[in-house]
Amino acid sequence: MKTAARRVLFHRAWTKYNGGTSGGQLKVRDAFEHFASSPLFEPKVYFGPETVWYDNPGNVWHPYRKQALQHWTIQPTDLLFFAGWDWKVLPPEQREKPPVPVLNIAQPRQIMLPDARRDYLMHPAIRIAKSTVGKKILEDYGVNGPVFFIPDAVDFSLIPKPNPQPELDVLIAGLKNPRMARALERRLRWHNFLRRDKIRFKVQVPPKLPTRQDFLNLVNTARVVVYLPLTESQGAEGFYLPPLEGMVMEKFVICPYAVGNADFCIPNETCLLPAYDTASVFSAILEALKMDKARFHQIIEAGRAIANRHTLEEERKAILELAGKADDLWQDDSLYHTKR
């Protein structure tokens, strides 16, 4: 007799126009599709009542709107898959004592005092960290439950072929730090005013482009791409996928340390990793543009090699294996501060 597939409940919500386009939404959607690919699981998504469905082509959840659950009801055999604010779908008593196992993507910045999600880390869950540094931060903080390292993956089907003749020397991807992006823009303009060797550049600041594909196409217009992640004061990044996507497109990557990029942004091997200030990032731009051609391409090749290991297949395997162990992990009270 065939065993029924096990339900995995997802909860998503947003009120911003581009709320469905973030990296966080993208990776939770990928997890949803990983479960959908397995005959052992049946993912279901519930969209909170606060969700506003704008006509936004970048919303990765649009294909699942019609088949979404109309009511949030947990069955005894379910698994929950949470990230970010998803805990709020549970009443307070269920957050403290979830009725079924919870798989929870947790970010290091959630331990910070201003982050209201900090309290969620004390609820029992089987947690997923996206970087080795993030895993250690969460474990050192003392989250309630075991922490497993599952890095984010690149959707290679979305990545355009490397552009052999990029029209830009430098692109500054500054959505998360527009102030520094504009400061770098001023320095580049001043450089071009004073020097004969003009730098062809573009600066990306908010608003976001409509879709992820639009962003990837923009990245593909440059030889060197500067990524400005969340700063340390903002809690840094849980993973930070864009530089990895740039490495797949054979871009020369410049990216300051951001916690979540430590496993693949290896200084002077796969990228330049300047201090996170305007002067240092600008110096890194000039260093990259003046670099010996052989060295320049050596760094690009090393970046491409490390990015090639971040496949959706590996991510899918890791998530499904963890889900398969969820019951055993959930029953091991030694892994939790409190569970029942």
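The values are calculated or read from the model by the stated rules, or taken from the named source; none is laboratory data. This is a predicted model, so every value here is computed, not measured. No Cβ is skipped: glycine too gets one built from the backbone with ideal geometry, and neighbour counts run over all protein chains shown. Calculation scope for accessible area: heavy atoms of the full protein, side chains included, ligands and nucleic acids excluded. Shrake-Rupley method; radii C 1.70, N 1.55, O 1.52, S 1.80 Å.
Miscellaneous remarks
- Nearest-ten-degree value, helix 293-307 long axis tilted from longest Cα axis of the chain: 10
- Candidate lysines - alpha carbon under 18 Å from Lys130, same-chain residues fewer than 8 apart omitted: Lys27, Lys317
- Projected area, mean over directions - the chain, Cα convex hull, nm²: 18.4
- Each helix, a run of at least 4 DSSP H residues, gives -39500 (n - 2.57); summed and divided by the residues of the chain, these come to -9500 deg cm²/dmol at 222 nm.
- Inter-centroid distance (Cα atoms) of the stretch 98-138 relative to the stretch 269-306, Å: 33
- Length released on extending from Asp119 to Thr15, taking residue separation times 0.36 nm less the Cα-Cα span: 35.2 nm
- Listed values for the stretch 152-163 are Karplus-derived 3J(HN,Hα) couplings in whole Hz (6.51 cos²θ - 1.76 cosθ + 1.60, θ = phi - 60°), namely 5, 10, 8, 7, 5, 5, 8, 7, x, 4, x, 7, and x replaces Gly and Pro.
- In Å², nearest 10: area of Lys44 left accessible to a 1.4 Å probe: 60
- Whichever lysines have a C-alpha closer than 19 Å to that of Lys290, once near sequence neighbours (fewer than 8 apart) are set aside: Lys198, Lys202, Lys251
- Using a Gaussian network model of the chain in which every pair of alpha carbons under 10 angstrom is joined by a spring, one finds that among Gln298, Gln110, Gln165 the greatest mean-square fluctuation is at Gln165.
- Acute angle (nearest 10 degrees) that the helix 23-36 long axis makes with the longest principal axis of the chain, alpha-carbon atoms: 50
- Per residue accessible area of the stretch 74-163, 1.4 Å probe, in Å²: 41
- The fraction of accessible area contributed by carbon and sulfur in the chain is 53 percent, rounded to a whole number (1.4 Å probe; ligands and nucleic acids excluded).
- Relative contact order of the stretch 168-225, pairs being alpha-carbon contacts under 8 Å that are 6 or more residues apart, as %: 55
- Applying 0.36 nm per residue to the separation of Glu33 and Glu287 and subtracting their alpha-carbon distance, the gain on full extension is 87.3 nm.
- Cross-link partners for Lys97 among the aspartates and glutamates, with Cα-Cα distance under 19 Å and sequence neighbours closer than 8 places in the same chain left out: Asp78, Asp86, Asp119, Asp327, Asp328, Asp332, Asp333.
- The accessible area of Val52, taken with all protein chains in place and a 1.4 Å probe, comes to roughly 60 Å².
- Mean Cα-pair separation over length for the chain, i.e. relative contact order, pairs under 8 Å, 6 or more apart, %: 17
- Probe 1.4 Å - accessible area at Ser334, Å² to nearest ten: 100
- Among Pro146, Pro101, Pro63, residue whose mean-square fluctuation peaks in a GNM of the chain (springs only between Cα atoms under 10 Å): Pro63
- Over 22 Å (Cα to Cα) - which of Lys16/Lys208; Lys88/Lys339; Lys208/Lys293 fall in this group: Lys208/Lys293
- In terms of its C-alpha gyration tensor, the stretch 125-224 comes out prolate, because a/c is 1.5 or above and the ratio a/b outweighs b/c.
- Principal-axis tilt of helix 178-194 within the chain, Cα atoms, nearest 10 degrees: 10
- With R₀ set to 56 Å, the beta-carbon distance separating Val52 from Arg196 gives a calculated FRET efficiency near 0.65.
- Candidates Arg195, Arg118, Arg29, ranked by Gaussian network fluctuation over the chain, Cα under 10 Å, top entry: Arg195
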